[in-house]
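The values are calculated or read from the model by the stated rules, or taken from the named source; none is laboratory data. Model, not experiment: these values are computed from the prediction. As a convention, Cβ positions derive from the backbone with ideal geometry for all residues, glycine included, and neighbour counts pool all protein chains shown.
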Amino acid sequence: MRNVLTWRPRPYLKFVLVRLGALVLLAVGITLVSFILTNLIPGDPAAANLGQRALSDPAIVAAFRHQHGLDQPLPVQYGKYLAGLLHGDFGTSQRSNRPVSDELAEYVPATLELAITAVVVSLVVGVGLGILAATRRNSWLDQLLRVVSLAGVSMPTFWLALAAFFVLFYKLGILPGGGRLDPGLDPPPHVTGLYTVDSLLAGQWDIFGNAVFHLIMPALVLAAYTVGLLTRFTRASMLEVLGNDYIRTAHAKGLPGRTIVFRHVLRPALVPILTVAGLAFGSLLSGTVLVEQIFSWNGIGQYAYQSALNLDLPAIMGVSLVVAVIYVTVNFVVDLLYGVVDPRVRLQ
Amino acid sequence: MSLTRRRAIQLALSAGALLATEAACGKTNKGTTDSGGTKNTTLIVENSFDLTTADPGRVYEVTGGMVAHAMYEPLLTFAGGDVSKPVPLLAKSFEASADGKVLTLKLDETAKFSDGSAVTADDVVFSFNRVKNVKGNPSFLLDGVTVTASDPQTVVLTSAKANPALPYLLPTPALGIVNSKVAKAQGAVDAEGADKSDKAEAWFNANSAGSGPYTLQSFSTTTEVVLVANDKYWGTKPVYTKIVVRNVTNSVQKLDVVKDTSQLALDLSPDQAKDLGAAVTVDRASTTTTFFLFTNMNPAISPVTSNPKFQEAVRYGLDYAGIMSLAGEGAVQAPGMVPDKLLGALAAGDSLKRDLDRAKAALAASGYSGQEIPMEYPSDITKNGIDFGVLAQKVQAGLTEVGIKVKLSPAPVATALPNYRDGKEKLGLWLWGADYPDPSDYLAFLPGGLVGLRAGWKAGTSPDLTAIGDQAAIETDATKRASLYQDMQRKLNEVGPFMPLFQSAQISVMAKSVSNFVYNAVWTVDFGALK
């Protein structure tokens, strides 16, 4: 039997536990920063949410402040918010009077569906093109991909979204316009909030097809930047590995080119690619604000925008918290994947 | 069984074809007329949302008013776009007392809620008291008004003082009547303290309990609202069985409506509405939203802008023609603060005209020494396609010609409002949308009034003007009322700190399949009337 007193967590497990602890601390830190910043803004939530007439009635303003706890000292407000968080209560939106947790549950799946699709597209296309460019270094294809990837990272997302909308929907009519489904179509029964998944679970193939069609354009627009970024990084990372002696040895052994690329080049090249992919996820989340606005996508991007306009503090904090947790979790997973991809990380 | 590569490709192509077919089949009807001559089911309406709630006791914003109007009918309404004369709806008749303090309304016995139950005076009493006591944005509409039911079909509204504006307030969407039995069962409260005890807003955001031609199917403040026809509607049945109101930016609205993905776009700017082609119909109408500039009257805030000569220089130095070219087709120059659709509006001939010589002479007489004057405005508001930033530049350019140095000071509305509300802006560029279509709403611009104070104009500083306003507020004779409000505005244009600029244009673009559209300044569009 293992002696409890002498047991020490394995380094990898310790690493995981420390990162999880840091995640909790970071989440609390995010709420504090959001709270301070939102209260530093020289604006008044009552002014932002009440009409001009209501704003001139002290009784209505007092009722609004009392309802949302704004009549209490800031430390008390923050303390109550944290206490609520422990019970899963994100507070009540000052704009809509709905629980923020309900609103997040409504909007987050829409953004996740879009972001996950964009991530998959980015990884598959970005890494694929990077491999192609690296293995055909200085060919016309490599030159072309360099231009394309440069365009991907250079084009502003909002411009690309409008241009894609104009060309693919308005001019060519090959993809649908805004929204997650055609107007008038009823969403599938709610299970995950991801229309593609929920429609499959409900066996609604028409809704599934419609949801996929609506996903294509915003996901491609959102992925454009990360595709460009990953193409460039994959190419650079692959070229670095391709110059090693053991690759020359592999060629000398007569291994097929595909085996060399995928087994001996891509795997060691993946570590920097994973780092970039994790960081790019952040830009992808921030890109959803504009993409969702243009494609009428009811995700947290639109929710965050509306909440910021109305100085809706609980909603702003809820969005900040969720985005931060998603971002940190993704990078945490990336850290874990380092160990999977490179055994030396596990040993360290 | 192993899957060969060719077989896998075949399967993938088949799946793609299936998806394409399914997606195409999933498209909805788009308001076209079928072979039987009846309208297909769904009308897609696109709007830039300012939506916060579907609760009729709390609704106040433009999108909310449009949606609530389809579900909750008021006692009185306006016919088409004419907001100058209230006409019966749930109340089949109404009569005001000679002193203007009591308004008696007889309900239509045939009126029914969406559950089939009759609309009674008790429902009216509950609805109105709830609006007052939840202390929401529209509560002010019933300030000083007591509502009672003298019998199941008679409602009596009693005001503390003469309230000739009351019939003009009653058609506003927030005063739509709710089914009190259903609402109470969902936690709605009409008693004092309802601001704390009323728990029905969440229910009203997912359901409806009115007597209008539509009921609520789904509601999202950021995406879309879906209304379905009320199959127990007591009036003329609506033509469309489903209305989908979607939140879409105006640039996308334009593409959608031309492409017939939507059938009604409500937020195009005058420029965007040019050259749309023959596939759509464009309706242009002036709104009751007045853009205006003010100079602060409080010397403690600005000794420069409070100088009457400086105000005169601004008033006659503004490039009204240039500003109107920016406002676009359908907009009208505002001769006074009261919009042209309302009783008491000034005639177009009363509009201020640019007089550069007079402006320069007044500026010289004011002692202005060339210092920069900050002009504050909300940078994140675009109303009827008019961007405040662009408008501010136009105002700045006009005043520069006179010799006034204006420094643009934009800020997001949430941060600009407190300064405006506290009367600290030296120069302010804002808009005022009529809360209800009656000139009494514009008493706010007098000294000591809500907007007057924002311009640093304290009560008692213009007794003549205040006397006219006081008389206009209680005058019950319509002709005399109109005359008093016109006098008030002429005087305002002479001595007041406000320079009315223009009433923006509501541009509504619709598919050819849609007819009977009439813009209404209170609820924008009546879905039940569309054909």
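Side notes on the structure shown:
- Number of the exception - B:Ala392 against (1) away from chain A (no Cβ under 14 Å); (2) small (Gly, Ala, Ser); (3) assigned to a helix (DSSP H, G or I); (4) out of contact with any strand residue (DSSP E or B) (no Cβ under 8 Å at 6 or more places or on another chain): (4)
- Subset of the range B:418-446 (residues that are in contact with a Leu (Cβ under 8 Å, 6 or more places away or on another chain), at pLDDT below 95 and farther than 20 Å from B:Pro339 by Cβ): B:Arg421, B:Gly423
- When every residue of the range A:189-198 is checked against the conditions, none turns out to be out of contact with any helix residue (DSSP H, G or I) (no Cβ under 9 Å at 6 or more places or on another chain) and within 13 Å of chain B (Cβ to nearest Cβ).
- Considering B:Ser302, B:Ser286, B:Ser262, the condition of being assigned to a loop (DSSP other than H, G, I, E, B), more than 14 Å from chain A (Cβ to nearest Cβ) and among the polar types (S, T, N, Q) is satisfied by B:Ser302 alone.
- On the stretch given as the range B:383-414, residues that are within 29 Å of B:Ala285 (Cβ to Cβ) and free of Cβ contacts under 8 Å to residues at least 12 places away in the same chain total 1.
- The residue that is nearest to the chain's Cα centre (by Cα), counting only those in the range A:29-43 that are at the interface with chain B (Cβ under 9 Å from one of its Cβ atoms) and surrounded by fewer than 20 Cβ atoms within 10 Å (Cβ to Cβ), is A:Ile41.
- Helices (runs of 4 or more DSSP H) fully within the range B:450-531 that include at least 1 residues being polar (S, T, N, Q) and surrounded by 19 or more Cβ atoms within 10 Å (Cβ to Cβ): B:463-474, B:478-495.
- Residue match in the range A:127-146 (condition: under 12 Å from A:Tyr225 (Cα atoms) and in contact (Cβ under 8 Å) with a residue 24 or more places away in the chain): no
- Screening A:Ala62, A:Ala118, A:Ala134 for residues that are assigned to a helix (DSSP H, G or I), aliphatic (A, V, I, L, M) and within 14 Å of another protein chain (Cβ to nearest Cβ) leaves exactly one candidate, A:Ala62.
- Tallying residues that are assigned to a strand (DSSP E or B) and of a type in the set (A, V, I, L, M) within the range B:240-253 yields 3.
- Among residues of the range A:151-179 that are under 18 Å from A:Asn210 (Cβ atoms) and crowded, with 20+ Cβ neighbours inside 10 Å, those with a beta-carbon under 6 Å from a residue that is modelled with pLDDT under 90 and polar (S, T, N, Q) at least six positions away or on a different chain give the pairs A:Gly177/B:Thr261; A:Gly178/A:Ser296; A:Gly179/A:Ser296.
- Residues that are exposed (fewer than 15 other Cβ atoms within 10 Å of the Cβ), within 30 Å of B:Asn47 (Cβ to Cβ) and among the β-branched types (Val, Ile, Thr), drawn from the range B:383-402: B:Val390
- The residue of the range B:403-431 that is surrounded by the fewest Cβ atoms within 10 Å (Cβ to Cβ), among those that are part of a strand (DSSP E or B) and either at the interface with chain A (Cβ under 8 Å from one of its Cβ atoms) or over 19 Å from the mean Cα position of the chain (by Cα) (or both), is B:Lys407.
- B:Val124 falls short of the stated requirement of being part of a helix (DSSP H, G or I), within 14 Å of chain A (Cβ to nearest Cβ) and at pLDDT 95 or above.
- Scope the range B:212-239; condition within 22 Å of the chain's Cα centre (by Cα) and either assigned to a strand (DSSP E or B) or more than 11 Å from chain A (Cβ to nearest Cβ) (or both); matching residues: B:Gly212, B:Pro213, B:Tyr214, B:Thr215, B:Leu216, B:Phe219, B:Glu224, B:Val225, B:Val226, B:Leu227
- Going through (1) over 27 Å from B:Glu61 (Cα atoms); (2) touching a Pro at 6+ places or on another chain (Cβ under 9 Å); (3) free of Cβ contacts under 8 Å to residues at least 60 places away in the same chain one by one, B:Asp122 falls short only on (1).
- Residue under evaluation A:Gln306, criteria (1) surrounded by 23 or more Cβ atoms within 10 Å (Cβ to Cβ); (2) of a type outside the set (D, E, K, R); (3) within 14 Å of another protein chain (Cβ to nearest Cβ), criterion not met: (1)
- Residue ID - farthest from A:Ser149 (Cα to Cα), chosen from residues in the range A:247-285 that are hydroxyl-bearing (Ser, Thr, Tyr) and surrounded by 14 or more Cβ atoms within 10 Å (Cβ to Cβ): A:Thr275
- For the range A:295-315, a residue qualifies if it is farther than 22 Å from A:Leu222 by Cβ, assigned to a helix (DSSP H, G or I) and of a type in the set (A, V, I, L, M, F, W, C), and the qualifying residues are A:Leu309, A:Leu313, A:Ala315.
Residue-wise test of (1) assigned to a loop (DSSP other than H, G, I, E, B); (2) modelled with pLDDT under 95; (3) touching a strand residue (DSSP E or B) at 6+ places or on another chain (Cβ under 9 Å).
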| site | (1), (2), (3) |
| --- | --- |
| B:Leu343 | yes, yes, no |
| B:Gly349 | no, yes, no |
| B:Leu352 | yes, yes, yes |
| B:Ala362 | no, no, no |
| B:Tyr368 | yes, yes, no |
| B:Met375 | no, no, yes |
